[in-house]
Structures are given as C-alpha cells and as structure tokens.
Amino acid sequence: SWLTEVSPVLHAQEFQGCVLLMINVTSQQQAEKMRREFTGNVSHELKTPLQIISGYSELLCSGLTSMEDVPKFSEQILRESRRMTALINEILTLSYLDEAVNEESEPIDLYALSQNIIDELAMQAKKEKIHMKLDGSPAWIQGNPAMVRSILFNLIDNAIKYNRPEGSIRVQVSNSQSEEKREAIVRIEDTGLGILPSEQERIFERFYRVDKSRSRQKGGTGLGLSIVKHALRIHNGRIELSSVPDEGSVFTVSFPMVEMDTNSDQ
Ligand code: ADP
C-alpha cells in the first residue's frame, strides 16, 4: 500500500525529467542544424559575387575585352562588390542580434524616424518614379535606435525594391490603445508585386527570396526580413503581413509603447 501510493508520484517525476531533457536536446540539435545551414548559405552567398568579380576582372586583365564592353564589366564588378559589402554588413548585424540583449535603449519617435528614412531613400524612389507619403502622428517607444532603424529601413527599402515603376508607398504611424495594452504602430503599404500566401511566412527566413534574380538585381541579400523579425523579437514587437499578388503588400509592425512624461514641459 505504501508503494502504490508513492510510486505513481515517483514515476511522474521521472517522466517529467525525461521529457524536459529530450526537449532540451532537440532544441540544441535544431540550433546546431540551423547554424550549420546558415554557415553553408553564407559561404554560398559570398562565393557567387566573388566568382562574378573575379570572372570579369580576369576578362578585363586579359586585354581581350573590347573597349565598349569595359563599362559594362566594370559596372558588374562594382555592383557585386556593393552586394558583398551589404551581405557582410547584414551577416554582422544578424550575429550581433543573435547575442543581443537590448542594452542601449532610449526613447524613439517612430514618426520622426520614418521621415528620416524616407528622406534618405528619396533618391532611390525617384529613380523608379515611386511616390512616398508619410501620415500620422508622433509615436514614442523605448528601444535600441540602430535596431529600430534597421526594422523600418528594411521594410521601406523593400517597399521600393518590390514596387512597380510609378507605384506608391504609404507609411502611417499611429498609437493604438486598448484596455490591455498601448502600442505604437507603423504600417507600410506598397503597390508592388505582392506576395503569395504560400510565401508569406517563408520570406522571413534567412536567405529566402521569392524571386532570386529580382532581389539580386536590386542589391538584395535575402537577410533583410530576418533582421526585422529578430530585432522585433528583442523589442517585444510583432509584425503582420497582408498582401495581394500583383496588387501590393501591407507590413504592419507594432511595439509596446512607453508613457512620455509630458508634465516636464509645463
Ligand atoms: P531581400 O534582400 O531579397 O530584399 P528580404 O529578407 O528583405 O531580402 O526579403 C525577402 C524576400 O521577400 C524578397 O526577396 C522578396 O521576394 C520578398 N519581399 C519582401 N518585401 C516585399 C514587398 N514589399 N513586396 C513584395 N515582395 C517582398
């Protein structure tokens, strides 16, 4: 009778320990697998531009290139070197985000930041005759300035890269208040290619691109949205996507909001 009373408890404890251990091992194995895949991808992604650069350089060095081809080849070399620089920068950002705790945190106005990014990307948009518009009002959050900037920068940059010529982009910044929470929201709407429902989750994976050649041509690396996802996680934020192929996409990011001390001005 003593045994029957005690042993189920013992069993339950043993079983619980066992299950926890298995989860732990699986997640370690998964993390290891992801790291291996990532390293494989990185070397592949770095090799491609290097091959193009050395291929065209060899052609130029051989002296067999006709003068009219020189600008075309040089342009390719320049474009691929820029891509490689972007890639290395994004890989560094990702590895930094992997370890990051939100150390450097300060108040950020998402409206002013969006305006700043739109100004910075104005030339790029003008080349494609894309019209950008910012609406809304100041919305303050507490966060790491570089990371929050890279979230909005990547999304607005994509809205340009995957838009149609003479398309438009609307960025809206707002505050939302419900009983449980207050949030600062940035909504980025484009009139571009759109994304099929089957691709909508995958585009947040590292190196995933719907159309490799378009992304390449636009200087993309396939890392932008995984940086967005990571940086949002660190800020307890979230992202939603709604998109219609051939019509456009809306990316909506939300951050928990901080109260600004407005009394200090009075
Ligand atoms: P990339 O460097 O290729 O832009 P991202 O991680 O930023 O990498 O995006 C991954 C892929 O998601 C892009 O290659 C593109 O196919 C798709 N994508 C991202 N943003 C948009 C958008 N606004 N409209 C349509 N497709 C998009």
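The values are calculated or read from the model by the stated rules, or taken from the named source; none is laboratory data. Treat the numbers as computed from the prediction; the structure is a model and nothing was measured. For neighbour counting, all protein chains shown are included, and Cβ atoms are generated from backbone atoms with ideal geometry for every residue, glycine included. Just so you know, the surface numbers come from the protein's heavy atoms only, side chains and all, with ligands and any DNA or RNA stripped out. Shrake-Rupley method; radii C 1.70, N 1.55, O 1.52, S 1.80 Å.
Looking for something near the ligand (Cβ under 10 Å from one of its atoms) and surrounded by 15 or more Cβ atoms within 10 Å (Cβ to Cβ) - is there at least one such residue anywhere in segment 170-183?
Going residue by residue through segment 170-183, those that are near the ligand (Cβ under 10 Å from one of its atoms) are none.
Checking segment 170-183: not a single residue is near the ligand (Cβ under 10 Å from one of its atoms) and surrounded by 15 or more Cβ atoms within 10 Å (Cβ to Cβ).
Output yes when any residue across segment 194-204 is among the hydroxyl-bearing types (S, T, Y) and part of a loop (DSSP other than H, G, I, E, B), and no when none is.
Taking every residue of segment 194-204 in turn, none turns out to be among the hydroxyl-bearing types (S, T, Y) and part of a loop (DSSP other than H, G, I, E, B).
Can you report the number of residues in segment 225-255 which are in a strand (DSSP E or B), open to solvent by less than 60 Å² (accessible area, probe 1.4 Å) and within 14 Å of I141 (Cα to Cα)?
3
Restricting the search to segment 150-169, which residues are among the hydrophobic types (A, V, I, L, M, F, W, C), over 18 Å from V244 (Cα atoms) and near the ligand (Cβ under 9 Å from one of its atoms)?
Those that are among the hydrophobic types (A, V, I, L, M, F, W, C), over 18 Å from V244 (Cα atoms) and near the ligand (Cβ under 9 Å from one of its atoms): none in segment 150-169.
Restricting attention to segment 225-245, which residues are near the ligand (Cβ under 9 Å from one of its atoms) and within 14 Å of P256 (Cβ to Cβ)?
Within segment 225-245, no residue meets the criteria.
Anything in segment 72-108 that is over 25 Å from F38 (Cβ atoms), open to solvent by less than 80 Å² (accessible area, probe 1.4 Å) and assigned to a helix (DSSP H, G or I)? List them, or say none.
F73, S74, Q76, I77
Take the residues in segment 194-224 that are closer than 22 Å to E99 by Cα and open to solvent by less than 20 Å² (accessible area, probe 1.4 Å), then tell me which one is nearest to the ligand (Cβ to nearest atom).
Out of the qualifying residues, it is G224.
Inside segment 178-189, can you point out the residues that are more than 23 Å from the chain's Cα centre (by Cα) and in a strand (DSSP E or B)? Can you show your working first?
So the first thing to find is which residues in segment 178-189 are more than 23 Å from the chain's Cα centre (by Cα), and the list is 178-182.
Of everything in segment 178-189, just one residue is more than 23 Å from the chain's Cα centre (by Cα) and in a strand (DSSP E or B), namely R182.
Every residue in segment 205-224 that is outside any helix (DSSP H, G or I) and touching a helix residue (DSSP H, G or I) at 6+ places or on another chain (Cβ under 6 Å), please.
Those that are outside any helix (DSSP H, G or I) and touching a helix residue (DSSP H, G or I) at 6+ places or on another chain (Cβ under 6 Å): R206, F207, Y208, R209, V210, K218, G219, T221, L223.
Can you name every residue in segment 25-64 that is among the small types (G, A, S) and under 28 Å from R79 (Cα atoms)?
Result: G40, S43, S54, G55, S57, S62, G63.
Check N175 against each of (1) of a type in the set (S, T, N, Q); (2) touching a Gly at 6+ places or on another chain (Cβ under 7 Å); (3) in a strand (DSSP E or B); (4) touching a residue at least 40 places away in the same chain (Cβ under 8 Å) and name the one condition it does not meet.
(2)
Pairs, please: C-beta under 8 Å, at least 6 apart or cross-chain, first residue in contact (Cβ under 8 Å) with a residue 12 or more places away in the chain and in segment 32-50, second open to solvent by 50 Å² or more (accessible area, probe 1.4 Å)?
F38/R206; N41/R206; L46/I88
Take Y111 and tell me if it is aromatic (F, W, Y) and modelled with pLDDT under 95. Please lay out each step first, then the result.
On the way: aromatic (F, W, Y): yes; modelled with pLDDT under 95: no.
So Y111 fails the test.
Would you check which residues across segment 119-147 are more than 15 Å from the ligand (Cβ to nearest atom), in a helix (DSSP H, G or I) and in contact with a helix residue (DSSP H, G or I) (Cβ under 7 Å, 6 or more places away or on another chain) and list them?
M147, the sole residue that qualifies.
So D119 clears everything in (1) acidic (D, E); (2) under 25 Å from G222 (Cβ atoms); (3) modelled with pLDDT of 95 or more except one condition, right? Which one?
(2)
Out of the residues in segment 202-218 that are modelled with pLDDT under 95 and not basic (K, R), state the one that is nearest to T39 (Cα to Cα).
F207
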